[in-house]
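Engineer: Structure in structure tokens, see below.
The values are calculated or read from the model by the stated rules, or taken from the named source; none is laboratory data. Since we're looking at a predicted model, the values are computed, not measured. Here the Cβ positions follow ideal geometry from the backbone for every residue, glycine too, while neighbour counts run over all protein chains shown.
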Amino acid sequence: MYLVVGWQSQPTTRYIFPLSAAGANTLLTSKELFSRILAMNITTNELMAVAIKRVDTTLPLPGYATAGSVGFDLVCRETVTIGPRELGRVPGNVIVQTPPGYMLMLTMRSSTAKRKGLLMPNGVGVIDQDYSGEGDELLISVYNFRDEAVTVERGERIAQGIFVPVAQVAWNEVAEMGETRGGFGSTGH
């Protein structure tokens with residue numbers, strides 16, 4: 001099944017989002033789509049079941065630090081040293097089967113830059129739904145911005161994962177897009 005959405009300012013434009021393998025199409029306007037989303041009555045109390053495999057079973061599963069945590073903390077599988085001003089990869093000890101309709105976003109924990117001098121060189125890591133085979137351990141890409149080597153110890157938590165809903169689109173190429181509103185500060189400071 002596909003979700004086909006008409007853009008509000010151009011009701012004849014349709015965007016197609018895959019919902020299931022059934023192959024049927026449903027035409028919805030933006031208003032109808034948002035009405036259906038609101039009618040779902042999604043609560044944060046329901047947990048999504050996600051398949052996960054630990055590479056080293058002596059280390060704990062990823063966990064949420066508090067009841068209000070959005071991201072779950074990943075545990076480093078082995079001690080890794082990253083040289084000064086160098087890129088490195090820290091093994092996250094898990095293989096995760098991201099559910100359809102989601103991506104797994106990896107980010108640094110808020111304290112990692114100050115404590116360790118490490119940042120993610122791309123800002124975030126995007127884990128696709130089909131990155132879940134036997135050799136697909138989550139690797140945290142890091143950049144050491146300090147002038148000395150940094151060591152991440154086995155069992156240490158430096159990054160977190162967040163499941164984010166996503167949709168794929170069917171492109172509707174047009175000859176013109178209309179007037180620009182500007183960008184990069186065009187709406188004020």
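Engineer: From the list ARG109, ARG54, ARG77, exactly one residue is touching a Pro at 6+ places or on another chain (Cβ under 7 Å), within 16 Å of ARG157 (Cβ to Cβ) and at pLDDT 95 or above. Which is it?
Structural biologist: ARG77
Engineer: Would you tally the residues in the range 139-181 being β-branched (Val, Ile, Thr), in a loop (DSSP other than H, G, I, E, B) and either exposed (fewer than 15 other Cβ atoms within 10 Å of the Cβ) or at pLDDT 95 or above (or both)? Even if it seems obvious, please write down each step before you answer.
Structural biologist: Pass one, the range 139-181, residues β-branched (Val, Ile, Thr): 140, 142, 150-152, 158, 162, 164, 166, 169, 174, 180.
Remaining after also requiring in a loop (DSSP other than H, G, I, E, B): 166, 169, 174, 180.
Now narrow it down to the ones that are either exposed (fewer than 15 other Cβ atoms within 10 Å of the Cβ) or at pLDDT 95 or above (or both): 169, 174, 180.
So the count comes out to 3.
Engineer: Given GLY123, GLY155, GLY161, which one is free of Cβ contacts under 8 Å to residues at least 40 places away in the same chain and either among the small types (Gly, Ala, Ser) or in contact with a helix residue (DSSP H, G or I) (Cβ under 8 Å, 6 or more places away or on another chain) (or both)?
Structural biologist: Sole residue among the options that is free of Cβ contacts under 8 Å to residues at least 40 places away in the same chain and either among the small types (Gly, Ala, Ser) or in contact with a helix residue (DSSP H, G or I) (Cβ under 8 Å, 6 or more places away or on another chain) (or both): GLY123.
Engineer: Still on this structure: Do we have any residue at all in the range 111-118 that's surrounded by fewer than 18 Cβ atoms within 10 Å (Cβ to Cβ), in contact (Cβ under 8 Å) with a residue 24 or more places away in the chain and in a loop (DSSP other than H, G, I, E, B)?
Structural biologist: There is no residue in the range 111-118 that is surrounded by fewer than 18 Cβ atoms within 10 Å (Cβ to Cβ), in contact (Cβ under 8 Å) with a residue 24 or more places away in the chain and in a loop (DSSP other than H, G, I, E, B).
Engineer: What are the residue pairs meeting all of these: first residue in the range 44-68, first residue without any contact (Cβ under 8 Å) to a residue 60 or more places away in the chain and in the same structural domain as GLY155 (by TED's automatic domain parsing), second residue aromatic (Phe, Trp, Tyr) and not in a loop (DSSP other than H, G, I, E, B), Cβ atoms under 7 Å, and 6 or more apart or on different chains?
Structural biologist: Going by the 7 Å Cβ cut-off, the qualifying pairs are GLY63/PHE72; TYR64/PHE72.
Engineer: Please tell me if ASP136 is within 30 Å of THR58 (Cβ to Cβ) and in a loop (DSSP other than H, G, I, E, B).
Structural biologist: In short, yes.
Engineer: Tell me which of these TYR131 doesn't satisfy, since it passes every other one: (1) in contact (Cβ under 8 Å) with a residue 60 or more places away in the chain; (2) in a loop (DSSP other than H, G, I, E, B).
Structural biologist: Unmet condition: (1).
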